[in-house]
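**Student:** If you scroll down you'll find the structure; I have some questions about it.
The values are calculated or read from the model by the stated rules, or taken from the named source; none is laboratory data. Just so it is clear, the model here is predicted, and its values are computed rather than measured. Because the Cβ atoms are built from the backbone with ideal geometry, glycine has one as well, and the counts that use them run over all protein chains shown. Each accessible area value is taken on the protein alone, full model and side chains, heavy atoms only, with ligands, DNA and RNA left out. Shrake-Rupley method; radii C 1.70, N 1.55, O 1.52, S 1.80 Å.
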Amino acid sequence: MRRALRLSAAVLLACVFLPQAGAASFIAFESGQVRPLAMSPDGTRVFAVNTPDNRLEIFSVSGGSLVHTDSVPVGLEPVAVAARSNSEVWVVNHLSDSVSIVDVGSSPPRVTRTLLVGDEPRDIVVASGTVGDRVMITTARRGQNWAGHSTDPEPMAVPNAMAPFRIEGLNRAMVWVFDPANLGANLEGNPLQVISLFGDTPRALTVSADGNSVYAAVFHSGNQTTTLSEGSICDTSGPNLNNNIVQGSCGASRPGGLPLPHDNVDNIDRPETGLIVKFNQGNSRWEDELGRNWTGEVRFNLPDLDVFEISTTSGAILNSLPHVGTVNFNMATNPVTNRVYVSNTEAINEVRFEGPGIHADGFKPIGEPNTVQGHLHEARITVIDGSNVTPRHLNKHIDYDVLKAPPSVKSHTLATPTGMAVSSDGSTLYVAAFGSGKVGVFDTAMLEADTFTPSSLSHVTVGGGPSGLVLDEDNDRLYVFNRFDNTISVVNTLTNTELDAVPVYNPEPANIVEGRPFLYDANISSSNGEASCSSCHVFGDLDSLAWDLGNPDDEEHINNLPINEPILDVNYKDFHPMKGPMTTQTLRGMANHGAMHWRGDRSV
């Protein structure tokens, strides 16, 4: 996996110039597609966002085949599209902080209106409830288009653009609501409301079966883990092998120091580091991997609200749903049962170390994991039924104790679930597995009851990086957008086989296209097929988590990087393999900036 990380940093590296011999430089932002496909209500056309070429591509549907008919320039890095009618399509432009309204009924089709919205909009849905159409868009609470749409305690003026990040407890996830029949004349289009949610950046949306509710999911929602500082841990005298803690007088609220081991395989003592703790819902305590209570050292409350149900009639928040997932990619609604499916991954960052776990094994309680190798983020679909939240692990066949899984295991695995589609009778859920190049087909009743068996027999092999799905039930077809090679797969839903791969023009140079799988493809980077570098570096960025990816089985490495004098601690000038908790680093903008991976230790 680490080799893949370095390759992706060299080949992909979003937001950097990547020159190619004989070709112009190209800037790859690597924006994650959210809803790249939509179908016209009459089923005669399919609309696709061409993210790298900043266009909306239009295809006619002829007997279940796609024929390209038009291409419309829109804003920068379009990531989502929704068809409000047969003649009007809305496109979300992630980098332009805007929405393009496209008249696809004119000849040629053209953009008729551009609306400025909040920062980095991601998803869009049209809800047709009792009050008529409402177009809803997810954005972050920042950016130049925000001022005037809320009564912030510290308004978002340009000189004060970082204000929300300095205010404790301020809602930072926003949903813009438009009445498409009354957009107004100004650039922002006079939204009916800008709803604020208690979270950071929102991503996915889905509409209830009756159109009177919309669900919005926070993207990097977290999993109620945090880190303790070195001082809070109170690491004092030598180890006690019987109870697996460091002894010492640490005060009534402190259970003791870092869990063992305290040295690497060469018996070189580790530096002092922090410790990751996780909130235990069962007993309302902050606990480490040994189950020790650190509640007295965590002086804040960290709710885990992931999905919000919003009334399309009033804009009121009807429900706030916790513990859905750590990274929530997308959502879909069952049109019959009104249950909501959320594609997500759940991080296992409370477990320390990334090596084989041999040296750590003697210090762990029996049955406790001693490495996250092959078990970083579990791929899941979480089922929301009213206020009931039920996660379902898609890869429950994996035995994580077997660090090098047998070759047959990955054939049944789905990695990084993204776009979804539900059949009109509510019986079948299709799930795009971005990191597997497949679409999973699930019986919804078996998924909800957790009686399904992961199997390659229920997978459809498509192109690399499937990100979005649209069902064409009149023609027994499923259309799948594949981000790696910018194609649309045409799948026969009667046989679950790919019939065709329709190309979409891609301006990216070959080195980006060929390098992208090294970041995302779990078949390349893990034996069980679930983990890839993008499990943590989501869409070339980060997962907003801290991890303790030290390795007690590794050696100390000489630090050959330039160091400013004086060295404060000569004992830890070099790279000890047990480095403690560190936050995931974005890969964006790293090219030509030297060794930046965590401590700079991945420099070769």
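**Student:** Which strands (runs of 3 or more DSSP E) does the stretch 296-348 wholly contain that include 3 or more residues that are in contact (Cβ under 8 Å) with a residue 24 or more places away in the chain and either in contact with a Leu (Cβ under 7 Å, 6 or more places away or on another chain) or open to solvent by 30 Å² or more (accessible area, probe 1.4 Å) (or both)?
**Tutor:** 305-311, 317-322, 340-347
**Student:** In a loop (DSSP other than H, G, I, E, B), farther than 26 Å from residue 380 by Cα, open to solvent by less than 40 Å² (accessible area, probe 1.4 Å) and not basic (Lys, Arg): which single residue out of 530, 508 fits that description?
**Tutor:** When all the criteria are applied, what remains is 508.
**Student:** Here's a follow-up. May I ask you to verify whether residue 265 is touching a Phe, Trp or Tyr at 6+ places or on another chain (Cβ under 6 Å) and either more than 26 Å from residue 388 (Cβ to Cβ) or surrounded by fewer than 17 Cβ atoms within 10 Å (Cβ to Cβ) (or both)?
**Tutor:** no
**Student:** Collect the residues in the stretch 471-505 that are touching a Lys or Arg at 6+ places or on another chain (Cβ under 7 Å) and outside any strand (DSSP E or B), keeping them in residue-number order.
**Tutor:** 484, 493
**Student:** Name, by its number, the condition in (1) modelled with pLDDT under 95; (2) β-branched (Val, Ile, Thr); (3) exposed (fewer than 15 other Cβ atoms within 10 Å of the Cβ) that does not hold for residue 131.
**Tutor:** Residue 131 satisfies every listed condition except (3).
**Student:** Return the residues of the stretch 76-90 that are assigned to a loop (DSSP other than H, G, I, E, B) and either more than 26 Å from residue 493 (Cα to Cα) or among the aliphatic types (A, V, I, L, M) (or both); say none if nothing qualifies.
**Tutor:** Selection gives 76, 77, 87.
**Student:** Can I ask one more? Looking at (1) farther than 18 Å from residue 273 by Cβ; (2) crowded, with 23+ Cβ neighbours inside 10 Å, can you tell me which one residue 603 breaks?
**Tutor:** (2)
**Student:** I would also like to ask the following. Collect the residues in the stretch 368-395 that are part of a strand (DSSP E or B) and among the β-branched types (Val, Ile, Thr), keeping them in residue-number order.
**Tutor:** Result: 381, 382, 383, 384, 389, 390.
**Student:** Might you check whether a residue that is surrounded by 23 or more Cβ atoms within 10 Å (Cβ to Cβ) and in contact (Cβ under 8 Å) with a residue 12 or more places away in the chain occurs anywhere in the stretch 555-575?
**Tutor:** Within the stretch 555-575, not a single residue is surrounded by 23 or more Cβ atoms within 10 Å (Cβ to Cβ) and in contact (Cβ under 8 Å) with a residue 12 or more places away in the chain.
**Student:** Shifting gears a bit: Against the conditions (1) in contact (Cβ under 8 Å) with a residue 40 or more places away in the chain; (2) hydroxyl-bearing (Ser, Thr, Tyr); (3) at negative phi, where does residue 495 fall short? Just the number, please.
**Tutor:** Checking residue 495 against (1) in contact (Cβ under 8 Å) with a residue 40 or more places away in the chain; (2) hydroxyl-bearing (Ser, Thr, Tyr); (3) at negative phi, the one that fails is (1).
**Student:** Quick test of your reading of the structure: residue 588 fulfils all but one of (1) without any contact (Cβ under 8 Å) to a residue 40 or more places away in the chain; (2) in contact with an Asp or Glu (Cβ under 8 Å, 6 or more places away or on another chain); (3) open to solvent by 30 Å² or more (accessible area, probe 1.4 Å). Name the failing condition by number.
**Tutor:** Of the numbered conditions (1) without any contact (Cβ under 8 Å) to a residue 40 or more places away in the chain; (2) in contact with an Asp or Glu (Cβ under 8 Å, 6 or more places away or on another chain); (3) open to solvent by 30 Å² or more (accessible area, probe 1.4 Å), the odd one out for residue 588 is (1).
**Student:** Need the failing condition index for residue 536 against (1) in contact with a strand residue (DSSP E or B) (Cβ under 6 Å, 6 or more places away or on another chain); (2) under 15 Å from residue 349 (Cα atoms), just the number.
**Tutor:** Result: residue 536 passes all but (1).
Matching residues to (1) assigned to a strand (DSSP E or B); (2) closer than 20 Å to residue 335 by Cβ; (3) in contact (Cβ under 8 Å) with a residue 24 or more places away in the chain; (4) within 19 Å of the chain's Cα centre (by Cα):
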| position | (1), (2), (3), (4) |
| --- | --- |
| 397 | no, no, yes, no |
| 405 | no, no, yes, no |
| 408 | no, no, no, no |
| 425 | no, yes, yes, no |
| 440 | yes, yes, yes, yes |
| 447 | no, yes, yes, no |
| 469 | yes, yes, yes, yes |
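**Student:** Which of the residues belonging to the stretch 40-75 are at pLDDT 95 or above, in a strand (DSSP E or B) and open to solvent by 60 Å² or more (accessible area, probe 1.4 Å)?
**Tutor:** Result: 55, 65, 67, 68, 69, 73.
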